[in-house]
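Q: Provided herewith is a single structure, encoded as structure tokens, for subsequent inquiry.
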Amino acid sequence: MEITNELIEHLENLAKIKLEDNEVERIKRDMEDILNYMKLLAEVNVDGYDAMRSPVEVKMEPREDRPIPFDSSKILKEAPKLENNLIPVSSIHAK
Amino acid sequence: MKSVIGLEIHTQLSTKTKAFCSCKNEVDAEPNTNICPVCTGQPGALPVLNDEVVEYAIRAAAALNCEIHEVSSFDRKNYFYPDLPKGYQITQYFHPIATNGYIVLDNGKKIRIRRIHIEEDAGKMFHSSETITQATSSLVDLNRCGIPLIEIVTEPDMEKPEEAREFMEKLRDILRTIGVSTGNMEEGALRCDANVSVHDDKRSSSRVEVKNINSFKFVQKALEYEIKRITKAMEAGENVPQETRGWDSSTKSTVSMRSKEAENDYRYFPEPDLPVLVVSKERIERIKKSLPELPDEKSKRYVEKLGVKEENAKILSKEPELSEYFEEVVKAGVSAKDASNWIVNEVLGLFNADGLEFKGEKVPIKHLKKIIEYTNTSKISRLAAKEVLAEVYKSGKDPDEIVKERNLLQVSNEDELIAVVKEVIEENPDTVQKYKNGKTSVVGFFVGGVMKKTKGKADPKVVGKLVKQLLDGES
């Protein structure tokens, strides 16, 4: 897969970040290296093996449906501001 | 032009706690009180699946005739939005818990369900202006983050907006009957996105997705609007872009939200914090066997076994509370025919007039039974019975007390009535003449007159008999 400038731009949008030109070049190189490294996997012969969903053999242990309260003020004190216990955020769509 | 409709439905599950943490699943709590490190995405916090969510999802899948998978798994759907503090939603993208189900509509048409998967809800946002595009700021409540949902995706098997509405109503009735969700669309416990396209022999429009449909009525209205809009554009030779549109219930129209080009790229990948979900064959079988009778089966039984009118049977079987009430009334000794007619026509009428949901305790079964008995034995007139029922509904008083207070006992004693009948006959010599000329249908007129004078308390059967006796006697 070729890492193009369009792809980088798409990823910038998804990650909500803005890269400088020199950073774009560096990231393109990094990503190519990573993808090339992953290509090693394609060389492994996996004939006769089932697809693996996880490297560890752990079964899901669901919990009981019983409420355990948590002191929400510990989390809310991390918010920069609160309005009537709601967290204000700046505009989403308005330009 | 023909339309093709498919639905994506999200249902909140009525478990006690959230999907992946032990916070209360409570939609109307004070803002940001039911939150913890897991549902607010604090670094290092790990999700643990709620077993009841699995139970409810399987129950829903079984009731919707799905194939239930012993092995399913969770994935991350990645996007940034202020109501999603983790930056991803945990869902089942690659291996959903159930596939290949269906609901049958009343006309016999089968609407296939492609898949059902478990996922978590996002937080709730309050915008500073009417529309999100005008809002300069928003407020976030994270109580809803992590509330368990199942998403139900249909095949594009519906052709008419009313089919989509019927599907949604049937789905709600099923979800309520099996007790996994309140199914309340207005409160957001059941939400529906609709995909629609229009085509004729020659051409076909792009697929348009309509979001924010928040009532059963609007499912139909939004689709009707959208099909009309697309058809008009096609007939004018315009291009219909593939896009997402939002239903605006205040203007009864849809507005463009985003085009296909801006469609999100969610980069799904397996959720590394949750092992594969394995449910045993035995558990699936146990859940299937434990399902209650579903609305359509129940309706059929009411018609075939109890002789209830089909339209009444359909209404009575919709809600578990209502069907239980009906069956209790029958068990108390009222005939199924009387019970169904009285409940559907009279009792539900009272709740509907107030815009309320049916609550059995407002009309105690023993009271309703008495009212029906009194009417059948002509102790009170049908009109008086309605009055008594309305009063029971309002105050909860015993019917006997109401009948006594308002003096509603029907008079069927001939001696008491004969004077009134004579009075009415004497007051209407012209009508008497008509009767004598052979127009026997005027008997009803005299009976009506007597009913009026006795304020509805006279027994019309006895009055009719007396009227005829007197008129025939005179001739």
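The values are calculated or read from the model by the stated rules, or taken from the named source; none is laboratory data. The model shown is predicted, which means the values in this text are computed figures rather than measured ones. Here the Cβ is made from the backbone with ideal geometry for all residues, glycine too, and neighbour counts use every protein chain on show. For accessibility, only protein heavy atoms count, side chains too; no ligands or nucleic acids. Shrake-Rupley method; radii C 1.70, N 1.55, O 1.52, S 1.80 Å.
Q: Using θ = phi - 60° and the Karplus relation 6.51 cos²θ - 1.76 cosθ + 1.60, list the HN-Hα couplings for the range B:91-107 in order, rounded to whole Hz, with x at every Gly or Pro.
A: Result, ordered by residue: 9, 10, 8, 7, 10, x, 6, 8, 9, 6, x, 6, 10, 9, 6, 4, 7 Hz.
Q: Sorting B:Ser441, B:Ser138 by accessible area (1.4 Å probe), largest first, what list results?
A: Heavy-atom accessible area, descending, gives B:Ser441, B:Ser138.
Q: Please report the accessible area of B:Phe74 (heavy atoms, 1.4 Å probe, ligands and nucleic acids excluded) in Å², nearest 10.
A: Counting only protein heavy atoms, B:Phe74 exposes about 0 Å² to solvent.
Q: With label points built 7 Å along Cα→Cβ from the Cα atoms of B:Ala390 and B:Asn239, find their separation and express it in nm.
A: Modelled inter-label distance: 6.2 nm.
Q: How many Å³ per residue does the convex hull of the Cα positions in chain B occupy?
A: Convex hull of Cα atoms, per residue: 225 Å³.
Q: OK, next. Would you work out which of B:Ile372, B:Val411, B:Tyr435 lies farthest towards the positive end of the dipole of the range B:363-442, given +1 charges on the beta-carbon of Lys and Arg and -1 on that of Asp and Glu, about the Cα centre?
A: B:Ile372
Q: While we're looking at this one, here's another question. Treating only the Cβ atoms of Lys and Arg (+1) and Asp and Glu (-1) as charged, compute the dipole magnitude of the protein assembly as shown about its Cα centre; round to the nearest 20 debye.
A: I would put it at about 2080 debye.
Q: Filter the cross-link list A:Lys74/B:Lys211; B:Lys404/B:Lys468; B:Lys77/B:Lys124; B:Lys369/B:Lys422; B:Lys232/B:Lys314 down to pairs whose alpha-carbon distance in this structure exceeds 28 Å.
A: A:Lys74/B:Lys211; B:Lys404/B:Lys468; B:Lys369/B:Lys422; B:Lys232/B:Lys314
Q: Give the value in nm², to one decimal: projected area of the alpha carbon convex hull of the range B:320-475, averaged over all directions.
A: 10.6
Q: Oh, and also: Compute the accessible area of each residue in the range A:64-83 twice, once for its chain alone and once with every protein chain present, using a 1.4 Å probe on heavy atoms, and list those whose area falls by at least 30 Å².
A: Those are A:Asp65, A:Pro67, A:Ile68, A:Phe70, A:Ser72, A:Ile75, which lose 30 Å² or more relative to the chain on its own.
Q: Rounded to the nearest 500, what is the 222 nm mean residue ellipticity of chain A from helices alone, with -39500 (n - 2.57) per DSSP H run of 4+ residues and division by all residues?
A: My calculation for chain A gives -11000 deg cm²/dmol from helical runs alone.
Q: Report, as a whole number in µm² per second, the diffusion coefficient that Stokes-Einstein gives for the range A:7-91 at 20 °C and 1.002 mPa s using the Kirkwood radius over alpha carbon pairs.
A: Estimated diffusion coefficient is 110 µm²/s.
Q: Which whole-number percent is the relative contact order of the range B:117-254 (Cα, under 8 Å, 6+ apart)?
A: In percent, rounded to a whole number, it is 17.
Q: In µm²/s, what is D for the range B:176-279 at 25 °C and 0.890 mPa s, where D = kT/(6 pi eta Rh) by Stokes-Einstein and Rh is the Kirkwood radius from Cα pairs?
A: The estimated diffusion coefficient comes to 152 µm²/s.
Q: P(r) for the range B:414-474, please, calculated from all Cα pair distances in 10 Å bins and given in %.
A: Taking every Cα pair in the range B:414-474, the percentages come to 24, 62, 14, 0.
Q: OK, next. For all pairs of alpha-carbon atoms in the range B:2-283, what percent lies in each bin of width 10 Å, listed from the first bin to the last filled one?
A: Using 10 Å bins, I get a P(r) of 6, 27, 35, 24, 7, 1 for the range B:2-283.
Q: Counting DSSP beta bridges in chain B, what percent are antiparallel, to the nearest 5?
A: Taking every DSSP beta bridge within chain B, about 90 percent pair in antiparallel fashion.
Q: Right, another one. Mind ranking B:Lys359, B:Lys457 by accessible surface for me, highest first, 1.4 Å probe?
A: The most accessible residue leads, giving B:Lys359, B:Lys457.
Q: 222 nm [θ] for chain B, helices only, -39500 (n - 2.57) per DSSP H run of 4+, per residue, to 500?
A: -12000 deg cm²/dmol
Q: So what J values fall out for the range B:372-388 if you push phi through Karplus, 6.51 cos²θ - 1.76 cosθ + 1.60 with θ = phi - 60°, rounded to Hz, Gly and Pro as x?
A: Running phi through 6.51 cos²θ - 1.76 cosθ + 1.60 with θ = phi - 60° gives 5, 4, 4, 5, 5, 9, 6, 5, 10, 7, 4, 5, 4, 4, 5, 5, 4 Hz.
Q: Apply the Karplus parameterisation 6.51 cos²θ - 1.76 cosθ + 1.60, with θ equal to phi minus 60°, to every residue of the range B:150-166 and state each ³J(HN,Hα) to the nearest whole Hz, in sequence, with x for glycine and proline.
A: Those phi angles translate into 10, 9, 10, 10, 8, 7, x, 9, 9, 10, 10, x, 5, 5, 5, 5, 4 Hz.
Q: Under 5 Å between amide hydrogens, which residues at least 5 positions from B:Tyr88 or on another chain qualify, with H placed 1.01 Å from N in the peptide plane?
A: Here B:Tyr79 satisfy the definition.
Q: Still on this model: Roughly how much accessible area, to the nearest 100 Å², goes out of reach of solvent when B and A pair up, both sides summed, probe 1.4 Å?
A: 3400
Q: Pull up the DSSP beta bridges for the protein assembly as shown and report the antiparallel fraction as a percent, rounded to 5.
A: Around 90 percent of the beta bridges assigned by DSSP in the protein assembly as shown are antiparallel ones.
Q: What is the ratio of the Cα radius of gyration of the protein assembly as shown to 2.2 N^0.38 Å, with N the residue count, to two decimals?
A: Here the answer is 1.32, to two decimals.
Q: For chain B, what's the relative contact order in percent, using C-alpha pairs closer than 8 Å and at least 6 residues apart?
A: 13
Q: Jot down the radius of gyration and Dmax of the range B:1-98, Cα atoms only, both in angstrom.
A: Just the Cα atoms of the range B:1-98 yield Rg and Dmax of 15.8, 54 Å.
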